[in-house]
Amino acid sequence: MQSLKVVVHANATLGEGPSWDANYNRLLWVDIEGHLLHIYYPDSGNDVVYNIGQLIGAVVPYREEEVIVALFEGFHKYHLSTGELTLISNPEQDIPNNRFNDGKCDPSGRFWAGTMSLKGQADCGSLYCLDHDLSVRKIVENVSTSNGLGWSPDGTIMYFIDTPTRQVDAFDYDLATGTIRNRRTVFTMPEDAGYPDGMTVDAEGMLWIAEWNGGRVARWNPYTGQLLNVVSVPSGHVTSCVFGGKDLEDLYITTACVGMNAEGLKAQPLSGNLFRIRMGIKGQPTHPYKSLMN
């Protein structure tokens, strides 16, 4: 295992949602409140920034010049060269106080993303699925802060985090239809941990969960609830993580500095940056969105 290091000094207000685009050897991630899409190229060290012009909750790979994003105004296709946004669907256009937060694609290429209240109200969000035909289904209601998502290596279990509950829930997952059933809690974060935020699942089926106000990413066994490994991160606001690199053994970690006062920023000046650590553990691929349409 190599030591943790900053790879992008972004000073992101709310860095989030990293996803590894293996086809083009790049990391996609966002600054939600900065309205920014970041694309980091590890071969060159360049981090290219795109101003989306509105809150951007999540991004997933699609094509070389196009990505799919979950924005304040719903699901869109974004063209990197032209900056053109093409609306796919806005399932909450009648809920102006909500925004999309976190999302990723299932192993079949459906884009799952959830919402939350901009005013901190409980149970106002939902979890949606953007299917291959560009239709959108509301799957889970009464969500407070829709957050981490992940799938078991065989695709039969979907994990989901609603942050204020401190719980990691699981559903039986039908990969052929993109449907869920049998919701249960696999474990609850202990009181001495932070709040569960973004998440990734490694090749062994273990969960890597970023902890808001916890200063770490922790690896958990979802079958036993056992804490297996801890990566300490010099930021109180650790938001998400994903495995990347050609061998999927580089763990990328996003952080935020939103809500930190001057004293907090002085104590943790690296908050808001993108980190990487080589764990010697292999992750699962980030799945791109697959559309039946153009």
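Of note:
- Approximate spin-label separation N213-Y41, in nm, with each point projected 7 Å along Cα-to-Cβ: 4.1
- Using the Cβ-Cβ distance between N23 and R137 with R0 set to 22 Å, the FRET efficiency from 1/(1 + (r/R0)^6) comes to roughly 0.25.
- Rounded, prolate or oblate (a/c below 1.5 giving rounded, otherwise prolate when a/b exceeds b/c) for the stretch 59-102 by Cα gyration tensor: prolate
- For the chain, a Kirkwood hydrodynamic radius built from all Cα pairs, placed in the Stokes-Einstein relation at 37 °C and 0.692 mPa s, yields a translational diffusion coefficient of 177 µm²/s.
- Given charges at Cβ of Lys, Arg, Asp, Glu: the chain dipole, positive-most of M260, V49, V140: M260
- Rel. contact order, % - alpha carbon contacts under 8 angstrom, at least six apart, the chain: 19
- Helix-only mean residue ellipticity at 222 nm for the chain, each DSSP H run of n ≥ 4 adding -39500 (n - 2.57), per residue, nearest 500: -500 deg cm²/dmol
- Taking the fewest neighbouring Cβ atoms within 10 Å as the starting point, the ordered list for V258, V242 is V258, V242.
- Converting phi to 3J(HN,Hα) with the Karplus coefficients 6.51, -1.76 and 1.60 and the offset θ = phi - 60°, the stretch 159-176 yields 9, 8, 10, 10, 3, x, 6, 6, 9, 10, 9, 10, 10, 5, 10, 9, 5, 5 Hz in sequence order, with x at every glycine or proline.
- Cα-based shape type of the stretch 201-266, given that a ≥ b ≥ c are square roots of the gyration tensor eigenvalues and the cut on a/c is 1.5: oblate
- Across K246/K282; K77/K119; K77/K104; K77/K282; K77/K290, pairs whose alpha-carbon gap is larger than 19 Å: K77/K119; K77/K282
Computed from the coordinates by the stated procedures, all read-outs in this text should not be read as laboratory data. Because the structure is predicted, anything quoted here is derived from the model rather than measured. As a convention, Cβ positions derive from the backbone with ideal geometry for all residues, glycine included, and neighbour counts pool all protein chains shown.
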